[in-house]
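Derivation of every value follows stated rules applied to the coordinates shown; laboratory data play no part. Computed from a prediction, not measured in an experiment: that's the story for all the values here. Virtual Cβ from ideal backbone geometry, glycine too; neighbours counted across all protein chains shown.
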Amino acid sequence: MYYPQDGYVFVVAFGRSGSTLTQHLLNSMPGYFIRGENANALVHLCRSVNAIANEGNFLQRQEPRRSQIVAERPYFGKMVGTSMDPWFGMEEVDVDEYALALFDTFVSQVLRPKGRARVLGFKEIRYHNDPKFFPKFIDTIRKYFPNSRFIFQNREYENVVKSSFWKTMTEDDVRRRWENFEEITSTYAQDKDYCFQLRYEDYLGETEKLRPLYDFLKEPFDPEATAKVLATKLKH
């Protein structure tokens with residue numbers, strides 16, 4: 001697994017909450033290499049890992065559970081490892097090796113780090129599309145991406161809903177999604193020192209409001225340099 005010196009940072013954001021500005025800000029820090037969105041490609045890899053890891057037929061074929069089942073049902077031991085087994089081959093699968101191979105490919109082919117990146121990651125606005133899977137999704141990233149940290153970013157609803165990004169939805173639908181994002185991220189982040197909740201409003205007014213973000217990342221805070229980065233007008 002690709003292991004940047006200081007780990008990974010993932011920006012988990014609601015649409016039009018200022019995540020591109022956060023991406024730009026993070027990339028201004030020496031050694032940071034934070035990519036943009038990738039259509040939530042990582043969630044499908046995490047689903048694949050969890051599909052195997054939580055499948056009863058897979059678990060039954062792993063030691064020590066396999067030995068326990070064989071003691072109760074001798075025929076099971078005679079079947080596993082042969083072509084008479086409907087799950088033939090799963091007894092040889094190492095789910096951690098499978099996960100690391102998938103995620104290493106994601107890093108090398110999707111994130112494609114350049115130079116001497118000491119912190120790697122990306123921002124995405126689609127993490128919360130499946131609220132039920134969200135905690136497992138983040139836990140899987142946390143398990144397999146060394147020293148991973150998460151920035152949960154949102155913005156006041158009244159400002160989010162004004163964006164043309166949401167023009168195909170009713171205000172009620174946008175509010176439901178917004179409230180859902182608030183709920184699942186605040187619930188997950190509770191009592192976890194590897195999670196940081198950021199509001200777009202923290203960018204407004206005094207730059208000093210962003211000092212806690214730098215403290216979270218354990219990076220030196222330079223108010224003047226930060227203000228200069230934030231003054232850049234994004235045109236997307």
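By how many nm would the segment from T82 to K218 lengthen if fully extended, with 0.36 nm per residue of separation less the alpha-carbon distance?
Length gained, T82 through K218: 43.7 nm.
Determine the principal axes of the Cα atoms in region 1-93, then give the extent along each, sorted from largest to smallest and rounded to whole angstroms.
Sorted from largest, the Cα extents of region 1-93 read 61, 29, 21 Å.
About the Cα centre of the chain, how large is the charge dipole given +1 on each Lys and Arg Cβ and -1 on each Asp and Glu Cβ? Please answer in debye to the nearest 20.
Values: 33 positive and 33 negative charges, 121 e Å.
So the magnitude is around 580 debye.
After finding the eigenvalues of the alpha carbon gyration tensor for region 1-47, what semi-axes result from the square roots of 5 times each, listed largest first in whole Å?
For region 1-47, the semi-axes come out at 19, 18, 7 Å.
Rounded to the nearest 500, what is the 222 nm mean residue ellipticity of the chain from helices alone, with -39500 (n - 2.57) per DSSP H run of 4+ residues and division by all residues? Intermediate results must be reported in sequence, preceding the final value.
On the way: 11 runs with 101 residues, N = 236.
-12000 deg cm²/dmol, from helical runs alone.
Where is the GNM fluctuation largest for the chain (alpha-carbon springs, 10 angstrom cutoff): D202, D85, D104?
Of D202, D85, D104, the most mobile in the Gaussian network model is D85.
Kirkwood hydrodynamic radius for region 138-192: how many Å is it when counted over pairs of different Cα atoms?
13.1 Å
About its Cα centre, how strong a charge dipole does region 1-105 have in debye, to the nearest 20, once Lys and Arg get +1 and Asp and Glu get -1 at the Cβ?
Computed charge dipole of region 1-105: roughly 320 debye.
Mean separation of Cα pairs under 8 Å and 6+ residues apart, divided by the residue count of region 114-236: what relative contact order is that in percent?
Relative CO of region 114-236 lands at 24 percent.
With a 10 Å cut-off between alpha carbons and a GNM built on the chain, which of P113, P220, P64 moves the most?
P64
Answer with one residue from L198, T168, P212: the one whose Cα lies farthest towards the positive end of the charge dipole of region 153-236, charges on Cβ with Lys, Arg +1 and Asp, Glu -1.
The one lying farthest along the dipole's positive direction is T168.
Picking from M79, M29, M169, which is most flexible by a Gaussian network model of the chain using Cα springs under 10 Å?
Maximum among the listed residues: M79.
Can you list the lysines whose alpha carbon sits under 18 Å from that of K143, skipping same-chain ones fewer than 8 residues off?
List returned: K192.
So which trypsin sites (Lys or Arg not before Pro) in region 165-206 end up in coil per DSSP with only 15 or fewer other C-beta atoms within 10 Å?
Values: sites: K167, R175, R176, R177, K192, R199; in loops: K167, K192.
When the trypsin sites (Lys or Arg not before Pro) of region 165-206 are filtered for loop state and at most 15 Cβ neighbours within 10 Å, K167, K192 remain.
What's the magnitude of the charge dipole for region 52-132 around its Cα centre, counting Lys and Arg as +1 and Asp and Glu as -1 at the beta-carbon? Answer in Debye, nearest 20.
For region 52-132, the charge dipole is close to 500 debye.
Counting other C-beta atoms within 10 Å, and keeping those with at most 15, which DSSP coil chymotrypsin sites (Phe, Trp or Tyr not before Pro) do you find in region 84-176?
Listed in order of number, the matching sites are W87, F88.
Taking 8 Å as the Cα distance limit and 6 or more residues as the minimum spacing, I'd like the relative contact order of the chain as a percentage.
Result for the chain is 33 percent.
Computed over the Cα atoms of the chain, what is the ratio Rg over Rh, Rh following Kirkwood?
With Rg and the Kirkwood Rh in hand, the quotient comes to 1.07.
Mind checking Rg over Rh on region 158-236, alpha carbons, Kirkwood formula for Rh? Let's see the in-between values first.
On the way: Rg = 15.6 Å, Rh = 15.1 Å.
Rg divided by Rh gives 1.03.
What percentages make up the Cα-Cα pair-distance distribution of region 69-176 when the bins are 5 Å wide from 0?
2, 8, 11, 14, 12, 10, 12, 10, 7, 5, 4, 3, 1, 0
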